[in-house]
1. If you check residue B:57 against the conditions, is it in contact (Cβ under 8 Å) with a residue 24 or more places away in the chain, open to solvent by less than 50 Å² (accessible area, probe 1.4 Å), touching a Cys at 6+ places or on another chain (Cβ under 9 Å) and not in a loop (DSSP other than H, G, I, E, B)?
2. Return the residues of the stretch B:178-234 that are touching a Lys or Arg at 6+ places or on another chain (Cβ under 6 Å), free of Cβ contacts under 8 Å to residues at least 40 places away in the same chain and among the small types (Gly, Ala, Ser); say none if nothing qualifies.
3. Just need a number here: residues in the stretch A:256-272 that are open to solvent by less than 10 Å² (accessible area, probe 1.4 Å) and out of contact with any helix residue (DSSP H, G or I) (no Cβ under 8 Å at 6 or more places or on another chain).
4. Based on this model, can you work out whether residue A:251 counts as assigned by TED's automatic domain parsing to the domain that holds residue A:85 and open to solvent by 40 Å² or more (accessible area, probe 1.4 Å)?
5. For the stretch A:60-74: of the residues being in contact with a helix residue (DSSP H, G or I) (Cβ under 7 Å, 6 or more places away or on another chain) and assigned to a loop (DSSP other than H, G, I, E, B), which is farthest from residue B:127 (Cα to Cα)?
6. State the number of residues belonging to the stretch A:129-157 that are crowded, with 21+ Cβ neighbours inside 10 Å and either within 11 Å of chain B (Cβ to nearest Cβ) or modelled with pLDDT under 95 (or both).
7. Within the stretch A:174-181, identify whether any single residue is more than 16 Å from the chain's Cα centre (by Cα) and farther than 30 Å from residue A:70 by Cα, and answer yes or no.
8. Any chance you could count how many residues in the stretch B:335-360 are in a helix (DSSP H, G or I) and more than 7 Å from chain A (Cβ to nearest Cβ)?
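The values are calculated or read from the model by the stated rules, or taken from the named source; none is laboratory data. Predicted, not measured: the structure shown is a model, and the values here were computed from it. Neighbour counts run over all protein chains shown; Cβ positions are idealised from the backbone, glycine included. The protein model used for the area step is the full one, side chains on, heavy atoms only, and it has no ligands, DNA or RNA in it. Shrake-Rupley method; radii C 1.70, N 1.55, O 1.52, S 1.80 Å.
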Protein chains: 2
Amino acid sequence: MDRRKFIAGTGLAGILATGTAPVVHAQGATIRWRLASSFPKSLETLFGGSEIFAAKVKELSSGKFTISTHAAGELVPAFGVLDAVQQETVECAHTAAYYFFGKDETFAFDCAIPFGLNCRQQNAWMFDGNGLKLTREFYANYNVVNFPLGNSGAQMGGWLRKEVKGLEDLKGLKFRVGGFGGKILEQLGVVPQNLPAGEIYQSLEKGTIDAAEWIGPYDDLKLGLYKVAKNYYYPAFWEGGAQLSLYVNSKAYQSLSNEYKAILDTAANYAHTQVMARYDARNPSALRELVANGVRLHRLPKPVMDAAFKVSQEYYAELSNKNPRWKKIYADFSNFRRDQNLWFRFSEMSFDNFMQSQKL
Amino acid sequence: MDRRKFIAGTGLAGILATGTAPVVHAQGATIRWRLASSFPKSLETLFGGSEIFAAKVKELSSGKFTISTHAAGELVPAFGVLDAVQQETVECAHTAAYYFFGKDETFAFDCAIPFGLNCRQQNAWMFDGNGLKLTREFYANYNVVNFPLGNSGAQMGGWLRKEVKGLEDLKGLKFRVGGFGGKILEQLGVVPQNLPAGEIYQSLEKGTIDAAEWIGPYDDLKLGLYKVAKNYYYPAFWEGGAQLSLYVNSKAYQSLSNEYKAILDTAANYAHTQVMARYDARNPSALRELVANGVRLHRLPKPVMDAAFKVSQEYYAELSNKNPRWKKIYADFSNFRRDQNLWFRFSEMSFDNFMQSQKL
């Protein structure tokens with residue numbers, strides 16, 4: 001996108017808003033906010049989530065509460081959105097919390113930890129368990145009020161130029177993989193690489209990296225990764241149900257009327273549901289197209305999954321020893337996860353297993 | 001509940017509203033609606049869904065749009081809510097669409113058909129596939145605008161006094177099971193029975209029936225069914241993800257301002273997410289309590305599942321021949337279902353299978 005065009009198009013009002021101290025808005029007052037996304041405009045699943053949200057806020061307020069959405073790099077870089085919200089450079093952001101794993105591992109509970117919860121279970125933890133309460137307590141340290149806004153479901157494990165048949169094939173593998181997953185895979189010999197979406201294709205083509213993961217069929221097809229690596233692995237054990245988040249600056253949030261607070265919350269929830277629905281509805285045809293293009297699907301070998309699970313549990317124990325914020329949330333999260341898997345193995349799993357083994 | 005107390009408490013306004021012709025409300029106008037639920041107040045998952053919805057509508061409209069919620073039997077009987085909305089006796093209702101399977105089998109797509117979609121897949125079909133569009137087209141015949149409002153997930157298959165080890169044990173089994181599931185089970189020799197929630201326990205205790213299904217651990221525990229039947233089967237192949245619906249009378253809906261229409265839609269969506277989260281979060285401890293009380297969990301034998309699957313596919317083909325409304329939606333639904341199961345078997349299933357086999 002042409003940056004000048006963007007500035008001309010969206011708005012002086014949005015830009016001015018940043019410099020204005022938040023005020024207590026009377027009910028129905030006109031408000032303009034800016035949202036900084038960590039995602040590029042081209043991904044209508046991820047960036048699209050923030051657009052659905054903003055459109056719904058506008059609709060619910062009869063056009064009086066508007067939020068302009070800005071792709072990664074327009075206002076702040078993809079990974080700069082937390083700082084921008086914390087410092088109130090923008091009122092809100094749409095991101096994946098595990099990007100901030102380097103600041104504090106605890107962020108990841110608001111998105112995904114390796115061998116964590118699937119999408120339904122994450123929703124249950126956030127909305128009817130202690131998830132929202134505990135993550136909000138944590139985010140208060142960053143002047144952030146968080147809202148779930150989208151989930152990708154269980155992601156694919158990535159594109160590999162060569163097959164991985166066992167643990168030995170991971171040694172020295174240069175793999176573009178996000179923070180937390182990379183941390184676990186590193187202990188199995190992988191050399192994790194951090195690259196933004198736009199650089200993955202070229203690096204894989206040139207052989208600078210041997211493997212890369214992004215999300216799943218629908219988004220991965222857009223990046224064209226299948227053209228340079230034919231082996232498509234599943235599952236991404238580090239992203240069993242990666243949740244996206246809306247970050248709202250606490251002062252900006254407190255300045256809203258109760259009605260506008262409710263609008264924000266409900267619009268986020270609406271977009272949350274739509275994003276998962278988009279992924280689920282659109283992944284199958286993308287997968288079919290990938291397979292038609294010669295992509296080979298492989299399940300990650302069990303010894304790799306088992307070793308990664310063991311390493312991750314040890315790492316969580318270590319984190320609980322040294323990071324009290326992690327410890328507090330992990331205690332609740334891991335009990336919840338145990339109970340969820342106890343329950344899901346019965347009706348849900350047996351129904352799904354049966355359906356997936358039928359000719360439909 | 002004391003009926004007189006209810007009438008005194010909730011409202012002349014609500015009662016008067018019924019007699020008033022709908023008008024085009026100016027934005028922000030004061031509106032009072034009544035919602036008739038098909039569920040009893042005691043089930044805070046099902047009836048609770050309508051309460052979450054009504055509270056959210058009120059909050060989003062700063063108290064100007066209020067909807068009073070009425071349990072089954074208060075205004076109309078549990079299964080009378082469709083007629084009540086169609087005739088505008090009430091403006092809206094909260095129900096499970098398959099209750100109206102007897103009027104037209106097509107209703108069931110808005111809830112669950114045997115061997116249909118799981119909760120995530122149903123959401124994908126409704127929100128990003130053609131589900132909402134197609135079901136709305138169908139409901140127009142009944143003066144209804146529908147909105148998804150809750151899902152139970154894959155239900156448990158029911159409580160049996162004696163074990164079912166194979167198809168032969170189904171012959172003559174008097175089983176309290178809802179319309180569509182009963183239709184399929186009948187062809188395997190079961191004698192399906194239709195009983196409201198309040199009569200199940202006694203009938204099972206007396207031996208008037210041999211088996212009964214309701215929903216899942218959380219709700220079933222409340223009904224106390226484990227005290228009179230110890231064998232708890234899974235899955236309910238007829239309810240892999242039973243969706244609940246908000247029915248709104250079309251004229252009442254059209255009378256709303258765009259803002260209030262958006263409020264209705266978004267509040268329903270909010271409650272939709274919360275209901276599934278409640279079930280998922282609360283089922284595990286209920287299951288544990290049931291097992292502690294001597295309940296034995298059994299998977300439905302594969303020959304039973306296979307035979308039921310075969311019978312259901314034949315029945316769907318037969319329906320497509322004789323019911324054009326069914327045919328139109330089933331064509332879309334069954335393609336969608338095939339694609340969903342193609343995709344879910346990879347990342348989602350392998351992640352879940354792995355997690356469920358770990359000591360957590």
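1. On the way: in contact (Cβ under 8 Å) with a residue 24 or more places away in the chain: yes; open to solvent by less than 50 Å² (accessible area, probe 1.4 Å): yes; touching a Cys at 6+ places or on another chain (Cβ under 9 Å): no; not in a loop (DSSP other than H, G, I, E, B): yes.
When the stated conditions are applied, residue B:57 does not pass them.
2. Passing the criteria: only B:189.
3. Qualifying residue count for the region: 1.
4. On the way: assigned by TED's automatic domain parsing to the domain that holds residue A:85: yes; open to solvent by 40 Å² or more (accessible area, probe 1.4 Å): yes.
Taking the combined requirement at face value, the residue satisfies it.
5. Of the residues in the stretch A:60-74, the ones in contact with a helix residue (DSSP H, G or I) (Cβ under 7 Å, 6 or more places away or on another chain) are A:60-62, A:65-69, A:71-72, A:74.
From what's left, assigned to a loop (DSSP other than H, G, I, E, B): A:61-62, A:71-72, A:74.
Details: A:61: 22, A:62: 23, A:71: 24, A:72: 27, A:74: 30 Å.
So, considering only residues that are in contact with a helix residue (DSSP H, G or I) (Cβ under 7 Å, 6 or more places away or on another chain) and assigned to a loop (DSSP other than H, G, I, E, B), the one farthest from residue B:127 (Cα to Cα) is A:74.
6. Residues that pass the stated criteria total 10.
7. Taking every residue of the stretch A:174-181 in turn, at least one turns out to be more than 16 Å from the chain's Cα centre (by Cα) and farther than 30 Å from residue A:70 by Cα.
8. Restricting attention to the stretch B:335-360, the residues satisfying the condition of being in a helix (DSSP H, G or I) are B:335-344, B:347-356.
The next check asks that each one be more than 7 Å from chain A (Cβ to nearest Cβ); those that pass are B:335-336, B:353.
Within the stretch B:335-360, residues that are in a helix (DSSP H, G or I) and more than 7 Å from chain A (Cβ to nearest Cβ) number 3.
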